[in-house]
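S.K.: Please read through the structure below; I'll follow up with questions.
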Amino acid sequence: MTARQAAAVRRIAEAEPAPDFAAINRAARARAEDVCRRLLPGGARHGKEWAAGDLSGAAGKSLRVRLEGDRAGAWIDNATGDKGGDFVSLAAAVARVPQADAARHLARMLGAEASQ
């Protein structure tokens, strides 16, 4: 085995387990308004959606997040066209981190397990 291969094997062995995205999104959907309030603090509830100005959480209505139903967590920023299908993708966009990191952070925020 070459040194490069050995280093790759070490990285894989030491890597954190993959987050359970489905479980984290289920936990976030159960507390959708609380999650939005923390991720997008300048926003407010408007019917079945949370509205904010943008991903920084500023006040406004350009960014919309579904709070209820089968599409809870789906979001779109109408000003930029940025969008996602769940709370993990929203958390990743807000924090500007990879989805796996956002899932772990969201799991900690919700007191849920990040991996199976």
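The values are calculated or read from the model by the stated rules, or taken from the named source; none is laboratory data. What you see is a predicted model, and the numbers here were worked out from it, not measured in a lab. Counting neighbours? That spans all protein chains shown, and the Cβs are built from the backbone with ideal geometry, glycine included.
S.K.: Just give me the residues in the range 71-86 being of a type in the set (D, E) and in contact (Cβ under 8 Å) with a residue 40 or more places away in the chain, in sequence order.
M.R.: Scanning the range 71-86 gives a single hit, D86.
S.K.: Okay, moving on. Kindly indicate whether any position in the range 49-57 is at pLDDT 95 or above and over 20 Å from L106 (Cα atoms).
M.R.: Yes, the range 49-57 has at least one match.
S.K.: Moving on to the next point. Out of the helices (runs of 4 or more DSSP H) lying entirely within the range 1-42, which hold 2 or more residues that are of a type in the set (V, I, T), out of contact with any Asp or Glu (no Cβ under 8 Å at 6 or more places or on another chain) and surrounded by fewer than 12 Cβ atoms within 10 Å (Cβ to Cβ)?
M.R.: Ranges flagged: 3-14.
S.K.: Sticking with this one: Any residue in the range 44-55 that is touching a residue at least 40 places away in the same chain (Cβ under 8 Å) and surrounded by 14 or more Cβ atoms within 10 Å (Cβ to Cβ)?
M.R.: Among the residues of the range 44-55, not one is touching a residue at least 40 places away in the same chain (Cβ under 8 Å) and surrounded by 14 or more Cβ atoms within 10 Å (Cβ to Cβ), which makes the answer no.
S.K.: Return the pair list, or none, for Cβ contacts closer than 6 Å from residues in the range 87-105 that are touching a residue at least 24 places away in the same chain (Cβ under 8 Å) and under 18 Å from R31 (Cβ atoms) to residues that are assigned to a loop (DSSP other than H, G, I, E, B) and of a type outside the set (K, R), at least 6 apart or on different chains.
M.R.: Between residues of the range 87-105 that are touching a residue at least 24 places away in the same chain (Cβ under 8 Å) and under 18 Å from R31 (Cβ atoms) and residues that are assigned to a loop (DSSP other than H, G, I, E, B) and of a type outside the set (K, R), the close pairs are F87/G73; V94/L55; R104/A114.
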